Every structure is written in C-alpha cells, then in structure tokens.
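Only one structure is covered here, and it is reproduced in the block below.
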Amino acid sequence: MNRRQFVTTSVLSVTALGLNRRPLSAQAAGQAPAPQAPPVTKFEEIRRGVGYFSGNGGTIGYLVNADGAIAIDSQFMPTAEICVAGLKERSPKGIDMLINTHHHGDHTSGNGAFRPVVKRILAHENCVAWQRRVAEEAAAKPPAPGAPAPVPPVVADSTFGNTWGVELGNEKIHIRYFGPGHTSGDAVIFFERANVIHAGDLLFRRVHPRVDSPAGASVVNWHAILQKMLAAHNNDTAYIFGHGKDGVVLGKKADVEYFRNYLAAALDEVRGGIKAGRSKEEVAKTPALKGFEDVAQVNPRINLAGVLESAYDELAKK
C-alpha cells in the first residue's frame, strides 16, 4: 500500500478499559450486552513517513521509513493492537521503539501490545515514576465484584532527563522535557526533517484540557512551554494534538497559539478573581473565557471549571 493512502478503517468489539461497557449490575443479572459502536481507526500520513493514528484514546504518532518504525503513545489495547498490526505491515524492519508522552491510561494502556515487538519503551523519568505509582495503586485495590482481574500495566523500560535524540533512516528525532505542564512528565517529540511535533496532551485542540494537578501539573509553566514551542519552530511546522474537537488532531501554528492564548486567558481570569477577593468556587463558576466560547467539553469531568480551579490553587500559593 502507498503510504500516502494510509486510511484504514477497522472494527472490533471490545470490552476494554476506557470504552463503553455494560454496568456491572447488568452483568451480574445475566443480561445481554448492550450494542456497542465499534471503534473506527485511521492512519494518516503527514509527510516524510510521519503521521498519526486515530482510534480510542490519545492520538498515536508514528514514523515509518526504510529502516523501521517508531510509535508515540499507545491508547488502549484493542486499538493498540490494530496500530501495531498496521505499522508492521508498513515497516519492512518492524517497530524499533515506543515513546510515551506521559503516563495517563488513554496514552499508555496499549503498551502491552507494543512490548513484544519493540526494542524499548521510552519515557521521561517522571512519567515512569508515575506509571509505577499508578500500577502499584491499581494492584493494591481489590477488583469490583464480577469485574475481571486488572491487567498489570506495562511500564516504560528506558528513561531520559531533559533531552534525548536518535536517528532512524533519513529522519532525526529530538525529545525534550520542559518541566511540568499537563503533568510533571510530559515529553515533546520533534521530527526534524519532516518538521512535525507530537506533544501528547500538552496540546489540546479547541477542547478543554485536563490539568492533572495531583501529578504535578502547572498551568503557568504549561503556558510557558507553548511559548517556547512556538518560538523554536516555524510556520510550516505541523502539530499532532493529543485530543481535538470533532476528532481533528492535526494542527498548525495558529492552533497552538489559540491554545496558548486560552491558557493565558484562564490565568488572567484567575489572577483577576484573586485580586478582587473572589473564592476559588466563585472563579470556577465562570461560564466561558472571552474569545474562547467555542472551546468544547468532550468529557463531563474535564471542563473549564477544572482548569480554573487548578490555576487558582497554583496562583494562590505565589
């Protein structure tokens, strides 16, 4: 198949973490499974063998060339298995490595599908520490009645500090850590010759972001990271977003600027509220940020209120 015709649709009935599932009460009562919409998956090449895979969870990035393949993030097992199969078909020398941008399950629960076929799974040292902690906490919890035993997560086996780089065929890959943002362990991956960036959940395209404060997130530094990212790259740089409105996860400089400005507006709203003596609860009731009314909420637990509350906690300490 020509790499520029990388559009593949696959269907699979699944009962994995993160997909819609029957309530346990229905399972216990022996009721028939409710019909489920199967996941739709798609490979899209951007240029020079660099592209992205859409399925269920955070966007997977990839590089395929004559010397092998590299994947970024792994979603959940059912779609990860589809991605692995597709990359193996396209890569004459298999998949060299998997990179995790951060530790959240919608980006790493499919690590197990990649583990048997890659030489290493790489992540920032803070990301690996969080992966281990989450795994330990999950193992300590007894499974719910009637639920299957949890599958132990696959933790990255290689780490980097602030920078890391490698060449694969005719492509140079640079990985940078800029400090806390979405979590305390977010990686930015840059494909130099293709001029493409995958930054995991440091990039949300016109949807409200999750600020994982318990995992060391910083709204202030997140804004600074986007500033640095924009300053270091040009107008032709393509950006792969972790999540996007209406499923659109490929963006340009203007889309990153929009998200940077959204975070700036959230910080300004909180600073103004603190100065005016408003409580965190009052600030969190802000219905929308001016100029960003079209930002979507795709998860009921991830919304503007959460962003404002996290920013308030952070700024109130200063």
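The values are calculated or read from the model by the stated rules, or taken from the named source; none is laboratory data. Because the structure is a prediction, the values reported are computed rather than measured. Quick reminder, even Gly has a Cβ in these numbers, built from the backbone with ideal geometry, and neighbours come from all protein chains shown.
Across the range 250-300, the number of residues qualifying as among the polar types (S, T, N, Q), over 26 Å from H103 (Cβ atoms) and in contact (Cβ under 8 Å) with a residue 12 or more places away in the chain comes to 2. Cβ-Cβ distances below 9 Å connect the following pairs, each with a first residue in the range 81-102 that is farther than 14 Å from P116 by Cβ, a second residue that is of a type in the set (S, T, N, Q) and in a strand (DSSP E or B), and a separation of six or more residues or different chains: S91/N65.
Here's a check for you: in the range 84-128, which residue that is among the charged types (D, E, K, R) and assigned to a helix (DSSP H, G or I) is nearest to L63 (Cα to Cα)? Steps first, please.
From the range 84-128, those among the charged types (D, E, K, R) are 88-90, 93, 96, 106, 115, 119-120, 125; that's our starting set.
Okay, now just the ones that are also assigned to a helix (DSSP H, G or I), so 88-90, 106, 125.
On the way: K88: 12, E89: 13, R90: 10, D106: 20, E125: 23 Å.
In this case the residue turns out to be R90.
Please work out if G169 is surrounded by fewer than 19 Cβ atoms within 10 Å (Cβ to Cβ), closer than 20 Å to S74 by Cβ and either modelled with pLDDT of 95 or more or out of contact with any helix residue (DSSP H, G or I) (no Cβ under 7 Å at 6 or more places or on another chain) (or both). No, not satisfied. I197 - would you say it is surrounded by 22 or more Cβ atoms within 10 Å (Cβ to Cβ) and over 15 Å from the mean Cα position of the chain (by Cα)? Considered against the rule, which asks whether it is surrounded by 22 or more Cβ atoms within 10 Å (Cβ to Cβ) and over 15 Å from the mean Cα position of the chain (by Cα), I197 comes out as no. Of the residues making up the range 252-273, just one is crowded, with 17+ Cβ neighbours inside 10 Å and more than 18 Å from W222 (Cα to Cα), namely G273. Quickly run through the range 233-249 and pick out the residues that are farther than 19 Å from I99 by Cβ and surrounded by fewer than 20 Cβ atoms within 10 Å (Cβ to Cβ). Across the range 233-249, the qualifying residues are N234, N235, D236, K245, D246, G247, V248.
The condition of being at pLDDT 95 or above, of a type in the set (A, V, I, L, M) and part of a helix (DSSP H, G or I) holds for only one of V211, V220, that being V220.
In the range 292-305, the residue that is surrounded by the most Cβ atoms within 10 Å (Cβ to Cβ) out of those that are among the β-branched types (V, I, T) and part of a loop (DSSP other than H, G, I, E, B) is V295. Among the residues of the range 150-165, none qualifies, meaning not one is aliphatic (A, V, I, L, M) and farther than 19 Å from H104 by Cβ. State whether one or more residues within the range 129-151 are under 18 Å from the mean Cα position of the chain (by Cα), of a type outside the set (K, R), part of a strand (DSSP E or B) and closer than 19 Å to P180 by Cβ. No; the residues of the range 129-151 include none that is under 18 Å from the mean Cα position of the chain (by Cα), of a type outside the set (K, R), part of a strand (DSSP E or B) and closer than 19 Å to P180 by Cβ.
Counting the residues of the range 159-177 that are part of a loop (DSSP other than H, G, I, E, B) and closer than 16 Å to V128 by Cα gives 3. Any residue in the range 19-36 that is under 17 Å from H243 (Cα atoms), part of a loop (DSSP other than H, G, I, E, B) and modelled with pLDDT of 95 or more? Scanning the range 19-36 turns up no residue that is under 17 Å from H243 (Cα atoms), part of a loop (DSSP other than H, G, I, E, B) and modelled with pLDDT of 95 or more.
Could you list all residues from the range 63-108 that are among the acidic types (D, E) and more than 20 Å from C127 (Cβ to Cβ)? Break it down into steps so the answer makes sense when it comes.
First pass over the range 63-108, keeping only residues among the acidic types (D, E): 67, 73, 81, 89, 96, 106.
Once the filter is applied, which keeps residues that are among the acidic types (D, E) and more than 20 Å from C127 (Cβ to Cβ), the range 63-108 yields D67, E81, E89.
The set of residues in the range 274-291 that are within 16 Å of R260 (Cα to Cα) and buried (at least 17 other Cβ atoms within 10 Å of the Cβ) contains only L289. When the range 247-289 is filtered for residues that are of a type in the set (V, I, T) and not in a helix (DSSP H, G or I), the ones remaining, listed by number, are V248, V249, T286.
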